[in-house]
Amino acid sequence: MEVYEEKIRGHIAKANKNFHAIEDFRRVGHSDWSPSAAFYSIYHLLLALLAKYGTESRNQSCTFAFIEDLIDKGGISLTKDDLKQIFDKGVKENLEQSDKILDVREFTQYSTKTNMEDKEFEHMKNKTKILFDRIKKEIERGLE
């Protein structure tokens with residue numbers, strides 16, 4: 001189990017670094033990279049959660065499927081609504097209008113947009129913080 005505990009700590013450290021980068025990118029005038037930092041802060045926590053269950057993933061779709069399976073089996077307190085705040089496989093059109101963290105990341109990364117509006121930035125950061133705290137609490141549950 002020591003290997004997985006090391007991976008859990010490593011993913012949490014990377015998640016924290018990425019979460020702080022959300023604001024760092026904004027401060028230096030690169031807020032178009034903030035959604036990528038937001039997504040990966042959450043994604044590394046999901047990888048830490050997988051490590052808690054003795055597995056790892058190198059594929060986002062597989063990671064989301066594994067987390068969804070844990071939710072379905074009642075193994076974790078996260079909900080499908082929590083997961084849909086990160087990624088909603090039902091959103092197929094108007095991705096630029098979606099506020100799902102992955103969609104915002106993809107839109108800003110692949111568009112010509114070079115900064116985020118203050119209101120849009122704050123909404124994304126607050127949503128990320130709420131999910132970050134919920135997932136981190138789930139990881140820590142039972143590890144004390």
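For the range 19-29, enumerate the residues that are in contact (Cβ under 8 Å) with a residue 24 or more places away in the chain, more than 13 Å from R105 (Cα to Cα) and surrounded by 12 or more Cβ atoms within 10 Å (Cβ to Cβ). Selection gives F19, E23, R26. Residues of the range 41-87 that are in contact (Cβ under 8 Å) with a residue 24 or more places away in the chain, outside any helix (DSSP H, G or I) and among the hydroxyl-bearing types (S, T, Y): S77 alone. Of all residues in the range 123-141, those that are over 21 Å from R26 (Cα atoms) have Cβ atoms under 6 Å from Cβ atoms of residues that are among the basic types (K, R) and assigned to a helix (DSSP H, G or I), 6 or more apart or on another chain, in I139/K52. With respect to the conditions (1) touching a Leu at 6+ places or on another chain (Cβ under 6 Å); (2) without any contact (Cβ under 8 Å) to a residue 60 or more places away in the chain, D99 falls short on a single one, namely (1).
Condition check ((1) surrounded by 17 or more Cβ atoms within 10 Å (Cβ to Cβ); (2) touching a strand residue (DSSP E or B) at 6+ places or on another chain (Cβ under 9 Å); (3) at pLDDT 95 or above) across all residues:
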{"site": "T63", "(1), (2), (3)": "yes, no, yes"}
{"site": "I67", "(1), (2), (3)": "yes, no, yes"}
{"site": "Q85", "(1), (2), (3)": "yes, no, no"}
{"site": "K92", "(1), (2), (3)": "no, no, no"}
{"site": "I101", "(1), (2), (3)": "yes, no, no"}
{"site": "M124", "(1), (2), (3)": "yes, no, yes"}
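Note on the range 1-32: residues that are in a loop (DSSP other than H, G, I, E, B) and either of a type in the set (D, E, K, R) or modelled with pLDDT under 95 (or both) amount to 1. With respect to being under 17 Å from I42 (Cα atoms), basic (K, R) and at pLDDT 95 or above, K80 falls outside the description.
The values are calculated or read from the model by the stated rules, or taken from the named source; none is laboratory data. These numbers were taken from a predicted model, which means no experiment stands behind them. Glycine also receives a Cβ, built like all others from the backbone with ideal geometry; neighbour counts cover every protein chain displayed.
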